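*Asks:* Take a look at this one; I'll ask things after.
The values are calculated or read from the model by the stated rules, or taken from the named source; none is laboratory data. Remember, predicted model here, so these are calculated numbers, not experimental data. Backbone-built Cβ (ideal geometry, glycine too); neighbour counts: all protein chains shown.
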Amino acid sequence: MSDPVRTCILSREEAPRDGLIRLVLAPDGRVLPDVRAKAPGRGAWIGVTAAELSAAQAKGKLRGALARAFKTGEMIIPDDLPAMIAAALERQALDRLGLESRAGTVLTGSDRIAEAARAGRLHALYHASDASEDGRRKLAQTWRVGSNREGSGLGGLVLPIPRPILSMALGRENVVHIGVTDRMAAGRLSDALDRWRRFIGPDSPEAHQSDTLVGGLTSAPCATAAQGASAPELSGHVPAVTTHEEFE
């Protein structure tokens, strides 16, 4: 079954709903993110980056679009709505990492990942933002050799989060590199991570990226993939956001 198409209330562009972000009007009148799209009632969909959302909010364009979508002007739009969305998307991505880890499809540790790469069992490769360039390079080269893709752009994706956050998400110590050994799991992770990274945008110096192949299909990080207003409860970059969870 194909993913239903929705229209972004700001850009008016159509896209599959899994690539967009749903906003809901809470009973107290606040506009809150519903990134899992499970809250009851009328929703409004956005497909813009955090920077674009902030600009629309500052110009009043967001309020007007939401008023039309919700058919009411009585609403409270939190000043930190972009950060709240980024936090929810990051949390969702880290939750997916944790689920795949518990399912046994995720490897950590350079030696174990390299062994899987040499055996042709690696379907995705991720690195913490503070992973060394040499460590990333060696694992990427091993992956290319094991996949018979020497000379290609096959490599690992550097995530916009450091090793302490990855370690907490996976419930393991000192997670620097992550290898995924199941094609379907690699696809699920790619979906969650790409959705988050597209929203937070390309402008942070903390972001690093390289081309990656996921599940045997090219999944090059989009131009808007990087660390921006991301703010998970785990990292403590901004105050924890929990109020919208009851609506997801």
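*Asks:* Please go through region 86-141 and pick out each residue that is part of a loop (DSSP other than H, G, I, E, B) and acidic (Asp, Glu).
*Replies:* Result: 130, single match.
*Asks:* Within region 138-162, track down each residue that is in contact with a Lys or Arg (Cβ under 9 Å, 6 or more places away or on another chain) and among the charged types (D, E, K, R).
*Replies:* Listed by number, the list holds a single entry, 150.
*Asks:* Can you tell me which condition residue 35 does not meet? The list is (1) over 17 Å from the mean Cα position of the chain (by Cα); (2) part of a loop (DSSP other than H, G, I, E, B); (3) touching a residue at least 60 places away in the same chain (Cβ under 8 Å), and all the others hold.
*Replies:* Condition (1) is where residue 35 drops out.
*Asks:* I need a count of the residues in region 142-186 that are part of a strand (DSSP E or B) and not aliphatic (A, V, I, L, M).
*Replies:* Residues meeting the conditions: 2.
*Asks:* Please indicate, with yes or no, whether at least one residue in region 132-153 is buried (at least 23 other Cβ atoms within 10 Å of the Cβ) and more than 27 Å from residue 91 (Cβ to Cβ).
*Replies:* Yes, region 132-153 has at least one match.
*Asks:* Given (1) assigned to a loop (DSSP other than H, G, I, E, B); (2) under 19 Å from residue 12 (Cα atoms), where does residue 73 come up short, assuming only one miss?
*Replies:* Result: residue 73 fails condition (2) only.
*Asks:* Only one of (1) in contact with a Pro (Cβ under 8 Å, 6 or more places away or on another chain); (2) closer than 30 Å to residue 123 by Cβ; (3) not assigned by TED's automatic domain parsing to the domain that holds residue 194 is not met by residue 88, so which one is it?
*Replies:* So residue 88 meets the others, but not (3).
*Asks:* Something else now. Is it the case that residue 112 is within 18 Å of the chain's Cα centre (by Cα) and among the basic types (Lys, Arg)? Quick ask: steps written out before the conclusion?
*Replies:* Values: within 18 Å of the chain's Cα centre (by Cα): no; among the basic types (Lys, Arg): yes.
Criteria not met by residue 112.
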